[in-house]
Amino acid sequence: MSTILKTLTDTTFDSVEGYRKAAEKANDPQLKGILLEQAGKREALVTRLNDELHRRGEELVTKGTMTGELHQAWMGIANLFENGDEAATERVEEGEDYLARKYEEALEHSDLSAEDRTIIQSAYAEVKEGERLSDMLEQKYDR
């Protein structure tokens with residue numbers, strides 16, 4: 001099931017970029033700090049997932065997916081017309097919901113090995129923390 005792990009690593013890498021882009025758009029210094037901290041946490045998760053891919057002899061994830069790149073391009077255009085903090089938190093919340101769904105779908109695969117399931121569940125727990133944080137941030141900055 002390395003394909004599932006690779007796909008999740010790709011999507012998780014996209015979330016690092018999403019947090020960084022959102023931090024660039026945020027006006028509130030506290031929000032910028034939170035978003036950059038989350039980018040760092042997510043980057044650490046990508047590193048752990050990449051370590052597992054490397055252990056299996058798979059290619060490492062070093063750039064975002066085309067889907068992620070397209071989303072980032074759209075996000076940049078949309079943010080030109082929106083409040084920085086509100087737009088940043090909305091986009092992060094959307095991205096976190098998308099990422100959590102990807103992990104949930106992966107965990108629904110009945111043919112996952114016990115090892116893969118454990119790796120994915122551990123990563124999913126971190127993703128869920130980010131999703132809860134993004135929900136709180138969106139509520140705080142939604143105007």
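More than 18 Å from Tyr141 (Cβ to Cβ) and aliphatic (A, V, I, L, M): is that true of Leu35 in this structure?
For Leu35, the condition - more than 18 Å from Tyr141 (Cβ to Cβ) and aliphatic (A, V, I, L, M) - is not met.
Arg117 meets all of the listed conditions (1) in contact with a His (Cβ under 9 Å, 6 or more places away or on another chain); (2) at pLDDT below 90 but one, namely (2). Among the residues of region 49-97, those identified as modelled with pLDDT of 90 or more and assigned to a helix (DSSP H, G or I) are Leu49, Asn50, Asp51, Glu52, Leu53, His54, Arg55, Glu96, Asp97.
If you go through region 1-48 and keep only what is in contact with a Gly (Cβ under 9 Å, 6 or more places away or on another chain) and not in a helix (DSSP H, G or I), you end up with Ala26, Asn27, Asp28.
The values are calculated or read from the model by the stated rules, or taken from the named source; none is laboratory data. Here the structure is a predicted model, which is why all the values come from computation and not from measurement. Virtual Cβ from ideal backbone geometry, glycine too; neighbours counted across all protein chains shown.
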